[in-house]
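> Here it is: the structure, laid out below.
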Amino acid sequence: MSKEISITELHAERDTLKQRCNEIIQNAKQDGERRMTTEETKEFDKACLRMREIDMEIDNRQQSLRAKGIPVSNKEKFSLRRAILNAATRSSQTDAELSVMERAEAAHRGSGCDALTGQIHIPLAEERAMFTAATEAATGVVVEEEQKEMLLPLQANLVLSQAGVRMMTGLKGNISWPSFTDVDVYWEGENTTAKDAGGKFNKGTLVSPVRLTATAAFSKQLLVQDNIDVEVFIRNRIAQRMAQKIEETAFSKEKLSEYAPKGIFTDADLAVSGAMSWANIVEMETNAAVNNALFGNLAYIMHPKLRGVAKTKVKDASGAGGFIVDGNGQGLLNGYKALATTNIASGLGESADQYGIVFGNWQDFFIGQWGALDLTVDPYTRSKESIIEITLTMWANMGMIRPESFTVGALK
C-alpha cells in the first residue's frame, strides 16, 4: 500500500506546477507575445486542473483535522483573483473565499435589494482587510502587509471623493433626506400671547437602490498568476469600471437610462454661461452665498478644457490680478479646489463649445451603496481567446441632498 502524500508534499507539488505554468507563459512572451501552442495549452490546462485538485485535497485534509479537534494554521487570505479562477474552472472555493462571501451574503439579505445571482459575492463595507501580500523587505525578512478591501464608492478613483462628497455604504432599504422649514421669531409684549412659530418637517425624496452593472475581461493566463501585483490589478480594474460609471452618471446632461439616477446637468438651470472669466467665477461663489450655502466641502469641478483656459487667462485686462487659476501652483480657483474630469457634460448653453462647471458644498452630494458586490464569471463566451469575462453588479444611487448648495454653469 502506497504511503499517503503529506500536506507539505502537496504544497511542494503545487509550487512545481505553478512554476511550470509561469515558464510556459514566459516562453510565449519571449517569442513575440505569441499564443500558446496546442501542446503548451494542454500542459497548461492539465497543470491548472491538478493545482485545483491539490487545493481541494488540502482543504479536505484540513477540514478532517478540524473535525478531530486538531488546530490547523491557515494564514491564507481572501484572493479575488483565486475566487474568479475557481469559479471559471468550477473548482471549490477555499475557506478564505467562502468566509468573505458568507459575510457578503449575510449583509445583502437585509439590504432590500434583488437576490445575488453570481458565483462571487464581496462585502463592500468591510471593517477589516481581506487581502494579504507577502513583501520582502530590504533586510530579506518577509512580512505581512495588509491591503485595503473593496470599498464602495471606490474612493481613489473618483474626483467626487476628492471634492468631499458624502460616501455611504451598507445601506438597508429606502432612505430619504428630511428637511425642516425655518421657524418664525417675533417680538412680543410682556403679556402678549406668543404667535405660532411655524416650521414643519418635509420627508424629502425617497431614494431606492438601483442596479449598476459593468463588464471586465481578464485573460486566463493573467488569472493563474499567484502574484500580489496581479491581485491589485484585478481589484483596481473592477473598481475603475464602477467608478467611471458613477462619475459619468453624476455629471451627465441626459439620463443614461430610464433607471439611472439624475445627473447634475440634467435639466439644470445654468446660473452662469458664456466665456471663462473672473466675473463668472465670482458669480458662482456669490450665488452660493445668497443661498446660504457657502460652507462645508466647497470646490469647483469642471471639464479639463475649462481649467486649461483658466490657467492662461488673466483676471483683468491689465493682467495685474494674475491668472484665474492661482494658488501659487496649487491649482486653486477663487481660493477653492479646482478639480477636473472628462466625464463632465459638454455642449451646454447657447454654444456647442461650452463645458460644464459646478461650484458647491460637495458634502451635500451623496453616493450610497446597498448590499454586496455580485460577480458572475463567464469562461465560455470568449473561450477561444482564453478570455474570462466578469459581469459586475452593484446596487447604488446618488444625488444632491440639498440642491441649493450647488451652482451649475456652462463656460468656454
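The values are calculated or read from the model by the stated rules, or taken from the named source; none is laboratory data. Computed from a predicted model, the values in this text were never measured in an experiment. With ideal geometry, Cβ positions are generated from the backbone for all residues, glycine too; neighbour counts draw on all protein chains shown. Surface accessibility is based on the protein's heavy atoms, side chains included, excluding ligands, DNA and RNA. Shrake-Rupley method; radii C 1.70, N 1.55, O 1.52, S 1.80 Å.
> Could you list, in sequence order, all residues of region 98-126 that are at pLDDT 85 or above, open to solvent by 40 Å² or more (accessible area, probe 1.4 Å) and either in contact with a Cys (Cβ under 6 Å, 6 or more places away or on another chain) or of a type in the set (S, T, N, Q) (or both)?
Scanning region 98-126 gives THR117, GLN119.
> For region 144-184, give me each residue that is outside any loop (DSSP other than H, G, I, E, B), small (Gly, Ala, Ser), at pLDDT 60 or above and within 29 Å of GLN240 (Cβ to Cβ).
SER161, ALA163, GLY170
> Additional query: Out of ASP316, ASP353, report the one residue that is part of a loop (DSSP other than H, G, I, E, B), among the acidic types (Asp, Glu), more than 23 Å from the chain's Cα centre (by Cα) and more than 22 Å from PHE265 (Cβ to Cβ). Break it down into steps so the answer makes sense when it comes.
Numbers: ASP353 fails: more than 22 Å from PHE265 (Cβ to Cβ).
Result: ASP316 is the single residue among ASP316, ASP353 that is part of a loop (DSSP other than H, G, I, E, B), among the acidic types (Asp, Glu), more than 23 Å from the chain's Cα centre (by Cα) and more than 22 Å from PHE265 (Cβ to Cβ).
> Any idea how many residues of region 220-258 are free of Cβ contacts under 8 Å to residues at least 12 places away in the same chain and within 25 Å of MET302 (Cβ to Cβ)?
Selection size over region 220-258: 2.
> If ALA134 passes every condition in (1) open to solvent by 30 Å² or more (accessible area, probe 1.4 Å); (2) modelled with pLDDT of 85 or more but one, which one does it miss?
The single condition ALA134 does not satisfy is (2).
> Now, a different point. Looking only at region 298-312, decide whether some residue is assigned to a helix (DSSP H, G or I), touching a Ser or Thr at 6+ places or on another chain (Cβ under 9 Å) and more than 19 Å from PRO403 (Cβ to Cβ).
To start, the set of residues in region 298-312 that are assigned to a helix (DSSP H, G or I) comprises 304-312.
Now restrict to residues that are touching a Ser or Thr at 6+ places or on another chain (Cβ under 9 Å): 304-305.
Adding the requirement that they be more than 19 Å from PRO403 (Cβ to Cβ) leaves 304-305.
There is at least one residue in region 298-312 that is assigned to a helix (DSSP H, G or I), touching a Ser or Thr at 6+ places or on another chain (Cβ under 9 Å) and more than 19 Å from PRO403 (Cβ to Cβ).
> Tell me, yes or no, whether region 316-324 has at least one residue that is touching a helix residue (DSSP H, G or I) at 6+ places or on another chain (Cβ under 6 Å), of a type in the set (A, V, I, L, M) and farther than 27 Å from GLN244 by Cα.
Checking region 316-324: at least one residue is touching a helix residue (DSSP H, G or I) at 6+ places or on another chain (Cβ under 6 Å), of a type in the set (A, V, I, L, M) and farther than 27 Å from GLN244 by Cα.
> Can you confirm whether region 83-96 contains a residue that is modelled with pLDDT under 85 and either under 20 Å from the mean Cα position of the chain (by Cα) or not small (Gly, Ala, Ser) (or both)?
Yes, region 83-96 has at least one match.
> Out of all the residues in region 68-82, which are in contact with a Lys or Arg (Cβ under 8 Å, 6 or more places away or on another chain) and at pLDDT below 80? Outline the logic, then answer.
First, the residues of region 68-82 that are in contact with a Lys or Arg (Cβ under 8 Å, 6 or more places away or on another chain): 72, 80.
Hit for region 68-82 is VAL72, nothing else.
> All but one of (1) open to solvent by less than 50 Å² (accessible area, probe 1.4 Å); (2) more than 30 Å from VAL309 (Cα to Cα) hold for GLY399, so report the exception by its number.
In the conditions (1) open to solvent by less than 50 Å² (accessible area, probe 1.4 Å); (2) more than 30 Å from VAL309 (Cα to Cα), GLY399 misses (2) alone.
> Which one is nearest to the chain's Cα centre (by Cα) among residues in region 300-311 that are touching a residue at least 12 places away in the same chain (Cβ under 8 Å) and surrounded by fewer than 21 Cβ atoms within 10 Å (Cβ to Cβ)? Please lay out each step first, then the result.
Initially, region 300-311 is screened for residues touching a residue at least 12 places away in the same chain (Cβ under 8 Å), giving 300-307, 309-311.
Going one step further and asking which of them are surrounded by fewer than 21 Cβ atoms within 10 Å (Cβ to Cβ), we end up with 304-305, 309, 311.
On the way: PRO304: 22, LYS305: 25, VAL309: 30, LYS311: 30 Å.
Among those residues, the one meeting the criterion is PRO304.
> Could you check GLY335 against (1) within 26 Å of the chain's Cα centre (by Cα); (2) on the phi > 0 side of the Ramachandran plot and say which number it fails?
It is condition (1) that GLY335 fails.
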